[in-house]
1. Would you point out the residue of the stretch 52-82, among those that are in contact with a helix residue (DSSP H, G or I) (Cβ under 8 Å, 6 or more places away or on another chain) and among the basic types (Lys, Arg), that is surrounded by the fewest Cβ atoms within 10 Å (Cβ to Cβ)?
2. All but one of (1) within 16 Å of MET20 (Cα to Cα); (2) over 21 Å from the mean Cα position of the chain (by Cα); (3) hydroxyl-bearing (Ser, Thr, Tyr) hold for SER235; which doesn't?
3. What pairs come out if I take residues in the stretch 167-178 that are without any contact (Cβ under 8 Å) to a residue 12 or more places away in the chain and pair them with residues that are among the small types (Gly, Ala, Ser) whose C-beta lies under 7 Å away, six or more apart or interchain?
4. Condition check: of a type in the set (A, V, I, L, M), under 26 Å from ALA193 (Cβ atoms) and modelled with pLDDT of 95 or more. Does ALA98 satisfy that?
5. Out of GLN85, GLN95, report the one residue that is closer than 22 Å to VAL133 by Cα, open to solvent by 20 Å² or more (accessible area, probe 1.4 Å), out of contact with any Cys (no Cβ under 9 Å at 6 or more places or on another chain) and touching a residue at least 12 places away in the same chain (Cβ under 8 Å).
6. Given the options PHE108, PHE140, PHE119, name the one that is of a type outside the set (D, E, K, R), modelled with pLDDT under 95 and under 22 Å from ALA81 (Cα atoms).
7. Among the residues that make up the stretch 160-172, is at least one of them of a type outside the set (A, V, I, L, M) and out of contact with any helix residue (DSSP H, G or I) (no Cβ under 8 Å at 6 or more places or on another chain)?
8. Which members of the stretch 233-270 meet the condition of being without any contact (Cβ under 8 Å) to a residue 40 or more places away in the chain, more than 20 Å from GLU150 (Cα to Cα) and crowded, with 21+ Cβ neighbours inside 10 Å?
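The values are calculated or read from the model by the stated rules, or taken from the named source; none is laboratory data. Only a predicted model underlies this, so the values are computations on that prediction, with no experimental measurement involved. Cβ sites come from the backbone with ideal geometry, for glycine too, and all protein chains shown count toward neighbours. When the accessible area is computed, the model is the full protein with side chains, heavy atoms only, and any ligands, DNA or RNA have been set aside. Shrake-Rupley method; radii C 1.70, N 1.55, O 1.52, S 1.80 Å.
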Amino acid sequence: MAESDKVFAGSIPKFYDTLMVPLIFEVYAADMAELVAASSPGSVLETAAGSGVVTRLLAPKLKPDACYVVTDLNQPMLDYAANRQGSDSRIKWRQADALALPFEDASFDVVCCQFGTMFFPNRVAGYAEARRVLRPDGRFVFSVWDRIEENAFADDVTNAVAAVFPHDPPRFLARTPHGYHDIALIREELSRAGFADIEIETREKVSRAPSARDAATAYCQGTPLRNEIEARDASLLQLATDRATEAIASRHGEGPVAGKIQAHVIVAAG
């Protein structure tokens, strides 16, 4: 993973939340909120919370006396999430590295992480930290994207942007968000971290956007793909977005667009 893959700063948080979240994250966040709330946990830790879509959907489902600690490695994303959330005395916001959590052992009933573990430089260490802060009967609930070929818009954008930089194609989307899809590897790494009860379900959903332009802008300017494009030639950001728009429109039509998305949802315990 390139260092720029972890940078969500500048205008990225706003584009991410206003475009990427409704495009691909919101439908899975609803599932995540249901899974986490199902056991009526008294204490929840969210890692890699991003701009807070899971937080916004989960908080209303938790008990009035629940403790909900929301963390992210990127302070700009955490700030954005906190500003979107509104006042809630149950929620504590804290910048934290999921590989070195600043919490005592056995502190939480549930640890959840939506589409964040792919960014961990050492996933086994991250999983071990989640297990350490879980109570003995606690659950670790998280999700990762399936291979990029199973996610239509991400694949379209990656191929279109590669044509703009044929000698050095930006591969952020394939390398990191969609680079951790091997179910056998996920099971193995969770087992190495000490989890014994592991359930993995692959869920297909539909990604929707008001236009091909919105979908292309979401990926090209609302994710670290933007960092890769600008590192090559910042003046070509708009051209790359235009080419991605054309690719999506050619496959999915003019006007509102819809495409397949697919992810693995994991619940680990023990």
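1. LYS61
2. (1)
3. That search, which allows pairs on different chains as well, returns PRO169/ALA162.
4. The answer is yes for ALA98.
5. GLN95
6. PHE119
7. For the stretch 160-172, residues of a type outside the set (A, V, I, L, M) and out of contact with any helix residue (DSSP H, G or I) (no Cβ under 8 Å at 6 or more places or on another chain): present.
8. THR241
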